[in-house]
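The values are calculated or read from the model by the stated rules, or taken from the named source; none is laboratory data. None of the values given here were measured: they were computed from a predicted structure. Cβ: placed from backbone, ideal geometry, glycine included. Neighbour counts: every protein chain shown. Just the protein is used for accessible areas: all its heavy atoms, side chains included, with ligands, DNA and RNA removed. Shrake-Rupley method; radii C 1.70, N 1.55, O 1.52, S 1.80 Å.
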Amino acid sequence: MCGIAGVFGKADPATVAEMLRRIAYRGPDDEFLVSGPRFTLGARRLSIIDVEGGRQPLSNETGAVWAAQNGELYNFPELRPALEAKGHRFRTRSDTEIIPHLYEDWGAEFPSRLLGMFAIAVWDDARECGLLARDHTGKKPLYYLERTGALYFASEIKCLLAVRDYERRLNPVAIHHFLSYKHVPEPDTAFEGIKSLGPAQTLTWSARDGIKVSTYWSLDWTPDPAWDRMDEKEIALRVAASLKEGVRRRLLSDVPIGFYLSGGVDSSFSTALAATLSPGHIKTFTLTYDSESTTPGKDEDQRWARAVAEQYGTEHHEERLSAGSFAEEFPKILSHFDQPFSGVVSPYFLSRLIGRHVRVALSGDGADELFGSYLSHRLAPVIAEYVERGASVLDRPSFRDNRKLVETIADRDPAKWRARLAVFSEAEKRDLYTRDFAAAVGAVSSDCHLAGYFARASATDPLNRILEAEFRGVFPDQVLAFVDRLSMAHSLETRTAYLDREFVELAASLPGRLKIRDGENKYILKRAAMPYLPAELIGRPKEGFVMPVNQWLMSDSGGVTGRVLHPDRVRAAGMVRPEAVAALVARFQGGAASLANRVLSLIALHVWWEDYLGEGRIY
């Protein structure tokens, strides 16, 4: 696990060294770069595999092909012998060293042969071309900036801000989408000219041909008819077996591994499977809140995390968090995203605890997004039946809680009703903007952007259509973004078996009826977990890994809201009208709790602007 940075097309070791310095926390163990007449490639290293000998970048035998990666390649023990049989020779035990050799054999197609999480850079000196690649689901980030005759790239945006002839400018379209999504969707970033490579994409660059981006893998959500010929017990066994194999792969490490343990099914199941595979005691970690900061369900999280830890004899640790400490550290947390972000940030605190004990940890990320858990997932089958059969379906006990919402947003087109769950609607955003910013945004629509995720859908049932659309955009750009940034902030590598490529393909092929049934989320995953976890844990409601943001904002602990959204600061940024922001905050603090996400998004936007574009910029 590392952070990478470099440039194709020219030698620029001074700039690349500065880029690496800015992400030292991603790889505190080592820094190394190589440079030639037409490239510079560097890496910060967090030593996980071949601790002593795995310094990267690494080359082939002749030094004609160089590679660096941020991530882990879980199938490198299987790939390496096949390469050796073809005559390739290796100097280290590092997983990174197989990359230049795979490139020699397979060219730009080699990423499709990898199982793992990775952001890869390869320079081919003989052909004078470079290649960038990102893993199948988008766990590891990779950004790039094209300049005349050169392409700069890095694991984080802050690195690219060091390029000497780059003049940073705000990207109004990215901000427009952020205010609906809570994140900036790729390939855009909040900075004009800086782009994000998408999941399962490769980028090739040469001075002659410029940039070419292609996709090497796509997830098929078409239901496999084979599931119709199996009973639930057999299906559950197959789900468990596939996840267990994903866990086994992720135990590959030369250093100790820990486990996020929230007290819910996802992390508990992963931990239980690991405990059955590991020869010794494993370490588990849980986040709790103090009594004034907690929300309903969090005390149960602590209780069940402890129960699982006791059942499997883990070495268990807990981190207690208060609303005050959250408010104090919120601006620093946001700096790890380099652009506006108002999604989940609480893993920052648990990652800090875990990072004091281990360098690698397994989490439960991905289960919600594959099996159905969020509000949009729960609504999908309800709305589909409602538009077909009418209001009578809302009388069922499992539907009643969301009756009013369903009646308000329902539409036959899932893209339309999903857009109505946005933080700010199109009309609300336009009402906020200053005249100049509205003109800069132009006619761009986040609703139309969201509809693009639903285009060319392979899923056939209502739930999987939503899961597929969100897996294309919201999941990598928001969920996987916070998983990476908030763990790497503490030099911690986070892995998840739920994103094993083979497990992802299995989960996507399951029909929606096996994922949410009669209002029960992740139905078949829970059946798969039953032999490993207490029935009461599996059946209890799960709140999720969130912060009590409403309580924090309502109390304005630390005065963050009033300070960040002060009219003078809002006016200086020039994006939204101070009087509109003041009115929104007044409504929220007057008791309109549903506005919390809007207030938080405006805070995040202005914290980012001051840090990156204001007079007191940090980079």
State whether the residues of the stretch 39-58 include one that is in contact with a Gly (Cβ under 7 Å, 6 or more places away or on another chain), aliphatic (A, V, I, L, M) and free of Cβ contacts under 8 Å to residues at least 60 places away in the same chain. yes
Every residue in the stretch 267-302 that is modelled with pLDDT under 90, assigned to a helix (DSSP H, G or I) and either open to solvent by less than 10 Å² (accessible area, probe 1.4 Å) or among the charged types (D, E, K, R) (or both), please. Lys298, Asp299, Glu300, Asp301
Run Tyr74 past the list (1) open to solvent by 50 Å² or more (accessible area, probe 1.4 Å); (2) out of contact with any His (no Cβ under 9 Å at 6 or more places or on another chain) and report the number of the one that doesn't hold. (1)
Name the residue that is most open to solvent (accessible area, probe 1.4 Å), counting only residues in the stretch 447-462 that are in contact (Cβ under 8 Å) with a residue 60 or more places away in the chain, within 18 Å of Thr222 (Cα to Cα) and not hydrophobic (A, V, I, L, M, F, W, C). Thr460
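For the stretch 319-376, give me each residue that is of a type in the set (Gly, Ala, Ser) and without any contact (Cβ under 8 Å) to a residue 40 or more places away in the chain. Please lay out each step first, then the result.
Here is the first cut: in the stretch 319-376, the ones of a type in the set (Gly, Ala, Ser) are 322-325, 327, 335, 342-343, 346, 351, 355, 361, 363-364, 366-367, 372-373, 376.
Ser322, Ser325, listed by residue number.
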Could you grab me the full set of residues in the stretch 355-374 that are modelled with pLDDT of 95 or more and either touching a His at 6+ places or on another chain (Cβ under 6 Å) or part of a helix (DSSP H, G or I) (or both)? Ala367, Asp368, Glu369, Leu370, Phe371
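Can you tell me which residue is nearest to Ala162 (Cα to Cα) among those in the stretch 588-609 that are open to solvent by 30 Å² or more (accessible area, probe 1.4 Å), assigned to a helix (DSSP H, G or I) and at pLDDT below 95? Can you show your working first?
Of the residues in the stretch 588-609, the ones open to solvent by 30 Å² or more (accessible area, probe 1.4 Å) are 589-594, 597-598, 609.
Narrowing further to those that are assigned to a helix (DSSP H, G or I): 589, 593-594, 597-598, 609.
Right, trim to at pLDDT below 95 and you get 589, 593-594, 597.
Numbers: Gln589: 40, Ala593: 41, Ser594: 40, Asn597: 32 Å.
Checked the stretch 588-609; the qualifying residue nearest to Ala162 (Cα to Cα) is Asn597.
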Just checking, does the stretch 79-101 include any residue being under 18 Å from Met488 (Cβ atoms) and not in a loop (DSSP other than H, G, I, E, B)? no
Please list, ordered by first then second residue, the pairs with beta carbon atoms under 6 Å, 6 or more apart or interchain, first in the stretch 384-412 and free of Cβ contacts under 8 Å to residues at least 40 places away in the same chain, second polar (S, T, N, Q). none
Tally, over the stretch 1-38, of residues that are assigned to a helix (DSSP H, G or I) and of a type in the set (Ser, Thr, Tyr): 2
Verdict on Asp436 being surrounded by fewer than 17 Cβ atoms within 10 Å (Cβ to Cβ), in contact (Cβ under 8 Å) with a residue 40 or more places away in the chain and in a helix (DSSP H, G or I): yes
Single residue of the stretch 556-568 satisfying the filter (in a helix (DSSP H, G or I) and buried (at least 17 other Cβ atoms within 10 Å of the Cβ)) that is modelled with the lowest pLDDT: Ser557
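Going by the structure shown, is Ala419 among the aliphatic types (A, V, I, L, M), under 30 Å from Asp500 (Cα atoms) and open to solvent by less than 50 Å² (accessible area, probe 1.4 Å)?
On the way: among the aliphatic types (A, V, I, L, M): yes; under 30 Å from Asp500 (Cα atoms): yes; open to solvent by less than 50 Å² (accessible area, probe 1.4 Å): yes.
So Ala419 passes the test.
Go through the stretch 104-132 and report how many residues are touching a residue at least 40 places away in the same chain (Cβ under 8 Å), in a helix (DSSP H, G or I) and either over 24 Å from Tyr498 (Cα atoms) or open to solvent by 20 Å² or more (accessible area, probe 1.4 Å) (or both).
Going residue by residue through the stretch 104-132, those that are touching a residue at least 40 places away in the same chain (Cβ under 8 Å) are 104, 108-109, 111-112, 114-132.
Then keep just the ones that are in a helix (DSSP H, G or I); that gives 104, 108-109, 111-112.
When the remaining residues are screened for being either over 24 Å from Tyr498 (Cα atoms) or open to solvent by 20 Å² or more (accessible area, probe 1.4 Å) (or both), the result is 104, 108-109, 112.
Final tally of qualifying residues: 4.
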Reported set for the stretch 57-87 where residues are among the β-branched types (Val, Ile, Thr) and out of contact with any Ser or Thr (no Cβ under 8 Å at 6 or more places or on another chain) is Thr62
Residues that are more than 28 Å from Glu505 (Cβ to Cβ) and in contact with a Gly (Cβ under 7 Å, 6 or more places away or on another chain): does the stretch 388-406 have at least one? yes
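If you go through the stretch 39-51 one residue at a time, do you hit one that is assigned to a loop (DSSP other than H, G, I, E, B) and closer than 14 Å to Ala150 by Cβ? Spell out how you get there, then give the answer.
Within the stretch 39-51, the first condition is being assigned to a loop (DSSP other than H, G, I, E, B), and the residues that meet it are 46-51.
Right, trim to closer than 14 Å to Ala150 by Cβ and you get none.
No; the residues of the stretch 39-51 include none that is assigned to a loop (DSSP other than H, G, I, E, B) and closer than 14 Å to Ala150 by Cβ.
Select from the stretch 24-34 the residues that are in contact with a Pro (Cβ under 9 Å, 6 or more places away or on another chain) and either closer than 18 Å to Lys140 by Cβ or surrounded by fewer than 18 Cβ atoms within 10 Å (Cβ to Cβ) (or both) and list them in ascending order.
If we filter the stretch 24-34 for residues that are in contact with a Pro (Cβ under 9 Å, 6 or more places away or on another chain), which is where we start, we get 32-34.
Result: Phe32, single match.
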Count of residues meeting criterion [part of a loop (DSSP other than H, G, I, E, B) and surrounded by fewer than 22 Cβ atoms within 10 Å (Cβ to Cβ)] in the stretch 574-587: 2
Considering (1) under 12 Å from Tyr152 (Cα atoms); (2) of a type in the set (A, V, I, L, M, F, W, C); (3) in contact with a Gly (Cβ under 6 Å, 6 or more places away or on another chain); (4) surrounded by fewer than 22 Cβ atoms within 10 Å (Cβ to Cβ), say which one Ala11 fails and leave the rest. (3)
Return the total of residues in the stretch 304-331 being at pLDDT 90 or above, charged (D, E, K, R) and assigned to a helix (DSSP H, G or I). 2
